[in-house]
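No value in this document is a laboratory result; all are computed from the given coordinates. Just so you know, these numbers come straight off a predicted model, no measurement behind them. Here the Cβ is made from the backbone with ideal geometry for all residues, glycine too, and neighbour counts use every protein chain on show.
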Amino acid sequence: TNKYADGDVYIGNWADDIQNGRGIYKFQNGDVYEGEYVQGERTGQGIFKYANGDRYTGHFSEGAKDGQGTFEWHSGDVYVGLWRNDLQNGHGKLTKKAGDGNRFEGAYVDDRRDGRFVEKDRNGNIVKRGHYEAGRRFED
């Protein structure tokens, strides 16, 4: 266990005085990361719980969300898909809890929808198809 001057706390494995292996890092702001470390960086599988109630479960690389992961907002919305450098990148599915509850399935580039998509209702029926280009939506 190591308590830092800023109030953060790390409980877990070490190698050569660096966080390495499984660990839990508690930030003084209330955020908590539990998962794998490599050479002091969040790398591998982990769960990051934000103080506001949001939660990310998935793969990390050098401290950033990277690879397959699930982000659950405290509002109930859920994104399941690919990440790169802490941003939604690649194929993903975003399900909205509020409103019509529709699910968007398609490609993301740097947290923006980009390319082909389908939108499905709560029962899985396709309600819209189209594509995004330069941030603009075009329906078929």
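Considering only DSSP states other than H, G, I, E and B, which GluC sites (Glu not before Pro) in segment 61-115 qualify as loop sites with at most 14 other Cβ atoms within 10 Å?
Glu62
Of the cross-linked pairs Lys3/Lys49; Lys26/Lys97; Lys65/Lys128, which ones have a Cα-Cα span greater than 26 Å in the structure shown?
Lys26/Lys97; Lys65/Lys128
Once the other residues with Cβ under 9 Å from the Cβ of Tyr33 are scored (Lys, Arg +1; Asp, Glu -1), what is the net sum? Walk me through the numbers on the way to the answer.
Working: positive: Lys26, Arg42, Lys49; negative: Asp31, Glu34.
My count for the surroundings of Tyr33 gives +1.
Relative contact order (percent) for the chain, with alpha-carbon contacts under 8 angstrom and 6 or more residues of separation?
10 percent
Under 1.5 on a/c is rounded, so check that first for segment 41-105, then, if it is not, pick prolate when a/b is larger than b/c and oblate when it is not; a ≥ b ≥ c are the square roots of the alpha carbon gyration tensor eigenvalues. Present the calculation step by step, with values, prior to reporting the outcome.
Details: a/c = 3.11, a/b = 1.52, b/c = 2.05.
Oblate, because a/c is 1.5 or more while a/b does not exceed b/c.
Whole number please: convex hull volume per residue of the Cα set in the chain, in Å³?
Numbers: hull volume 15.2 nm³, N = 140.
Considering the Cα atoms of the chain, their hull volume per residue is 109 Å³.
List the trypsin sites (Lys or Arg not before Pro) within segment 1-110 that DSSP assigns to loop and that have no more than 11 neighbouring Cβ atoms inside 10 Å.
Within segment 1-110, the qualifying trypsin sites (Lys or Arg not before Pro) (loop, at most 11 other Cβ atoms within 10 Å) are Lys97.
Taking a point 7 angstrom from the Cα of Asp77 along the C-beta vector, which residues in segment 106-139 have backbone N less than 14 Å away?
Counting backbone N atoms under 14 Å from the label point, the list is 111-113.
Just need the Rg to Rh number for segment 4-60, please, alpha carbons only, Kirkwood Rh. Intermediate results must be reported in sequence, preceding the final value.
On the way: Rg = 11.1 Å, Rh = 11.4 Å.
My calculation puts Rg/Rh at 0.97.
For Arg22, what is the net charge nearby, where nearby means another residue's Cβ is under 15 Å from its Cβ and Lys, Arg count +1, Asp, Glu -1?
Net of charged neighbours comes to -1.
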